[in-house]
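S.K.: Below is one structure. I have some questions about it.
The values are calculated or read from the model by the stated rules, or taken from the named source; none is laboratory data. This structure is a prediction, so every number in the text was calculated from the model and none was measured. Quick reminder, even Gly has a Cβ in these numbers, built from the backbone with ideal geometry, and neighbours come from all protein chains shown.
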Amino acid sequence: MSNKEKFYSTVNILVRAYLNNTLAHGRCSACAVGNIIADSLGVTIQLPDLDWSEGVPYWNRVFVTAKFYGPHRENRLHEGYGILTQVKVASNYMGEAKFQIDSTGYTWQQLARIENVFETTPLDEADRMFEGLMRVVDVLTDIHQMDLEECKTAKKLFVV
């Protein structure tokens with residue numbers, strides 16, 4: 001599959017998730033990466049029930065850490081855009097987690113970039129979901145080396 005085909009294939013997964021309301025911030029089964037992995041595994045996501053019929057999303061154990069902020073536990077990626085350093089990667093990129101990640105055709109580092117920009121979209125954004133997806137398209141544009149026109153075309157697909 002060419003970069004352009006893979007780019008649009010992934011964008012279309014996210015467009016469907018956005019339009020079908022199967023996309024959710026902070027939910028490993030239904031975030032941007034969760035939808036990409038679910039699609040590659042042929043798994044259907046149905047909100048509010050976020051459990052995959054095939055099992056739990058192991059992929060997040062590779063590059064997500066749990067930190068505590070006050071009384072609430074939040075999943076946070078390591079700071080920074082681009083390559084994320086994660087001490088758990090070597091030990092967790094195996095078994096079902098590796099299978100789920102590898103099924104997408106992306107590296108764990110590429111999925112970490114997607115996850116990072118989607119989940120770190122500021123909470124005060126008027127339409128956080130939409131803004132997060134626009135940031136994901138920017139990352140996909142970089143990963144697949146698309147030009148700005150392709151990026152603009154892809155972003156228009158999210159507007160109903």
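S.K.: Given (1) in a loop (DSSP other than H, G, I, E, B); (2) at pLDDT below 70; (3) under 13 Å from the mean Cα position of the chain (by Cα), identify the lone condition not met by Asn60.
M.R.: (1)
S.K.: Next question. Checking the condition surrounded by fewer than 16 Cβ atoms within 10 Å (Cβ to Cβ), under 12 Å from Glu115 (Cα atoms) and modelled with pLDDT of 65 or more, which residue from Gly42, Gly34, Gly26 passes?
M.R.: After applying the criteria, what remains is Gly26.
S.K.: Now for a different question. Failed condition for Glu5, given (1) free of Cβ contacts under 8 Å to residues at least 40 places away in the same chain; (2) under 19 Å from Arg128 (Cβ atoms), with all others met?
M.R.: With (1) free of Cβ contacts under 8 Å to residues at least 40 places away in the same chain; (2) under 19 Å from Arg128 (Cβ atoms) applied to Glu5, the lone miss is (2).
S.K.: Considering each residue of segment 115-160, count those that are within 13 Å of the chain's Cα centre (by Cα) and among the aliphatic types (A, V, I, L, M), and give that number.
M.R.: Residues that pass the stated criteria total 8.
S.K.: Do we find that Ala126 is crowded, with 20+ Cβ neighbours inside 10 Å and either of a type in the set (Gly, Ala, Ser) or more than 21 Å from Leu23 (Cβ to Cβ) (or both) in this structure?
M.R.: No, not satisfied.
Results for (1) in a helix (DSSP H, G or I); (2) basic (Lys, Arg); (3) closer than 16 Å to Ala32 by Cα, shown as yes or no for each residue.
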position	(1), (2), (3)
Ile101	yes, no, yes
Gly105	no, no, yes
Gln110	yes, no, yes
Glu115	yes, no, yes
Met134	yes, no, yes
Gln145	no, no, no
Lys152	yes, yes, no
Val160	no, no, no
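S.K.: Taking the conditions exactly as written (out of contact with any helix residue (DSSP H, G or I) (no Cβ under 7 Å at 6 or more places or on another chain) and at pLDDT 50 or above), does Val87 satisfy them or not?
M.R.: In short, no.
S.K.: Among the numbered criteria (1) surrounded by 12 or more Cβ atoms within 10 Å (Cβ to Cβ); (2) touching a helix residue (DSSP H, G or I) at 6+ places or on another chain (Cβ under 9 Å); (3) at pLDDT 80 or above; (4) of a type outside the set (Val, Ile, Thr), which one does Gly95 miss?
M.R.: (1)
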